[in-house]
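Everything below concerns the one structure shown next.
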Amino acid sequence: MPTVLSTRRLSEAQHQLLDTAAIQWIEEDFIATIPQDFTVDRVRDLVLFTSQNAVKSVLNNSKAQLLKTKPALCVGVKTQALLVEHGWEVLAWTHYAKELTAVIERDFAHRSFSFCCGNIRREVLPTFFNEQQIVFDEYEAYQTVKQPHQIQQKIDGICFYSPSAIESFLQNNQITTEVCFCIGDTTADALKEITTQIVVASQPTIEATLQSCLAYYK
């Protein structure tokens, strides 16, 4: 029976996906997210989110009430679902930030943006905004903090959900023969210099990452 590490603890619903699999699972949170308080003095035409964590931070931030009055664009199907659940109008969403730049260039290049992100964010959207001379304000809505753990037992596979989790894992562990199941291309890219044993999920969700692992060991 293969042993697989999930680099974050899974929800009850996610555990149900795994119930019938002949796999031994280990779970550890290799990163933590901490909401940040921030003040919004001026609100732009649209609000842009790149993660659920940014949405949660804004929803719980009394000083960010102005942002809730504007339609949103976002990265990720789970981010979109969370926004809709809280009554937010979502004008567009994509799986990846690069895809969203194409949508903005086509449909929203004349608008300005309030961009809510984490402290470890990629340069894709800010670079795009600057190149296209699109006005935007950036808010650090949460911090990502590494929580390294040393895994003592032999593992056959690892589920990674972010480049930050890979960095955290590698602080106390090595990747040798393990198969790495990645939530998306950005996470997979962070492993390219380390291993060729990479399986990318069909969609950038935790559930799809787990499904890719189940399919591999079926």
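The values are calculated or read from the model by the stated rules, or taken from the named source; none is laboratory data. Predicted, not measured: the structure shown is a model, and the values here were computed from it. As a convention, Cβ positions derive from the backbone with ideal geometry for all residues, glycine included, and neighbour counts pool all protein chains shown. Calculation scope for accessible area: heavy atoms of the full protein, side chains included, ligands and nucleic acids excluded. Shrake-Rupley method; radii C 1.70, N 1.55, O 1.52, S 1.80 Å.
Within region 128-171, take every residue that is aliphatic (A, V, I, L, M) and open to solvent by 20 Å² or more (accessible area, probe 1.4 Å) and give me the one that is nearest to the chain's Cα centre (by Cα).
Looking only at region 128-171, we keep the residues that are aliphatic (A, V, I, L, M), and these are 134-135, 141, 145, 151, 155, 158, 165-166, 170.
Right, trim to open to solvent by 20 Å² or more (accessible area, probe 1.4 Å) and you get 135, 145, 151, 170.
On the way: VAL135: 24, VAL145: 14, ILE151: 23, LEU170: 19 Å.
Per the criteria, the residue is VAL145.
Restricting to region 172-205, name every residue that is among the hydroxyl-bearing types (Ser, Thr, Tyr) and either open to solvent by less than 70 Å² (accessible area, probe 1.4 Å) or assigned to a helix (DSSP H, G or I) (or both).
As a first pass, look at region 172-205 and keep what is among the hydroxyl-bearing types (Ser, Thr, Tyr): 176-177, 186-187, 195-196, 202, 205.
Result: THR186, THR187, THR195, THR205.
How many residues does region 42-64 contain that are among the hydroxyl-bearing types (Ser, Thr, Tyr) and assigned to a strand (DSSP E or B)?
If we filter region 42-64 for residues that are among the hydroxyl-bearing types (Ser, Thr, Tyr), which is where we start, we get 50-51, 57, 62.
From the residues that got through so far, the ones that are assigned to a strand (DSSP E or B) too are none.
Final tally of qualifying residues: 0.
Please find, within region 43-64, the residue that is modelled with the lowest pLDDT out of those that are of a type outside the set (A, V, I, L, M, F, W, C), over 23 Å from THR101 (Cβ atoms) and surrounded by fewer than 20 Cβ atoms within 10 Å (Cβ to Cβ).
Among residues in region 43-64 that are of a type outside the set (A, V, I, L, M, F, W, C), over 23 Å from THR101 (Cβ atoms) and surrounded by fewer than 20 Cβ atoms within 10 Å (Cβ to Cβ), the one modelled with the lowest pLDDT is LYS63.
Report, ordered by the first and then the second residue, all pairs with beta carbons closer than 7 Å, sequence separation of six or more or different chains, a first member in region 1-23 that is in contact (Cβ under 8 Å) with a residue 24 or more places away in the chain and closer than 24 Å to THR176 by Cβ, and a second member that is open to solvent by 100 Å² or more (accessible area, probe 1.4 Å) and of a type outside the set (Ser, Thr, Tyr).
Pairs that qualify, where the first residue is in contact (Cβ under 8 Å) with a residue 24 or more places away in the chain and closer than 24 Å to THR176 by Cβ and the partner is open to solvent by 100 Å² or more (accessible area, probe 1.4 Å) and of a type outside the set (Ser, Thr, Tyr), are THR3/LYS154; ALA22/MET1; ILE23/MET1.
Taking into account only those residues within region 58-81 that are under 21 Å from ILE104 (Cβ atoms) and among the hydroxyl-bearing types (Ser, Thr, Tyr), which is nearest to the chain's Cα centre (by Cα)?
THR79
Listed here are the residues, each with its yes/no results for (1) assigned to a strand (DSSP E or B); (2) acidic (Asp, Glu); (3) open to solvent by less than 60 Å² (accessible area, probe 1.4 Å); (4) touching a strand residue (DSSP E or B) at 6+ places or on another chain (Cβ under 6 Å).
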site	(1), (2), (3), (4)
ASP37	no, yes, no, no
VAL40	no, no, yes, no
LEU66	no, no, no, no
LYS78	no, no, no, no
LEU83	no, no, yes, yes
TRP88	no, no, yes, yes
TRP93	yes, no, no, yes
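Name the residues in region 103-119 that are open to solvent by 50 Å² or more (accessible area, probe 1.4 Å) and in contact with a strand residue (DSSP E or B) (Cβ under 8 Å, 6 or more places away or on another chain), would you?
If the condition is that a residue be open to solvent by 50 Å² or more (accessible area, probe 1.4 Å) and in contact with a strand residue (DSSP E or B) (Cβ under 8 Å, 6 or more places away or on another chain), then ASP107, ARG111, ASN119 are the ones that fit.
Just to verify a result, which residue in region 120-154, among those that are in a loop (DSSP other than H, G, I, E, B) and free of Cβ contacts under 8 Å to residues at least 60 places away in the same chain, is farthest from ASN53 (Cα to Cα)? I'd like the intermediate steps shown before the answer.
Going through region 120-154, the residues in a loop (DSSP other than H, G, I, E, B) turn out to be 120-123, 133-135, 147-154.
In the following step, the residues that additionally are free of Cβ contacts under 8 Å to residues at least 60 places away in the same chain were identified as 120, 123, 133-134, 150, 152.
Values: ILE120: 12, GLU123: 18, GLN133: 27, ILE134: 24, GLN150: 26, GLN152: 30 Å.
Only one residue fits best here, namely GLN152.
Please tell me if ARG106 is without any contact (Cβ under 8 Å) to a residue 40 or more places away in the chain, more than 20 Å from the chain's Cα centre (by Cα) and over 29 Å from THR3 (Cβ atoms). Outline the logic, then answer.
On the way: without any contact (Cβ under 8 Å) to a residue 40 or more places away in the chain: yes; more than 20 Å from the chain's Cα centre (by Cα): yes; over 29 Å from THR3 (Cβ atoms): yes.
Spelling it out, ARG106 is indeed without any contact (Cβ under 8 Å) to a residue 40 or more places away in the chain, more than 20 Å from the chain's Cα centre (by Cα) and over 29 Å from THR3 (Cβ atoms).
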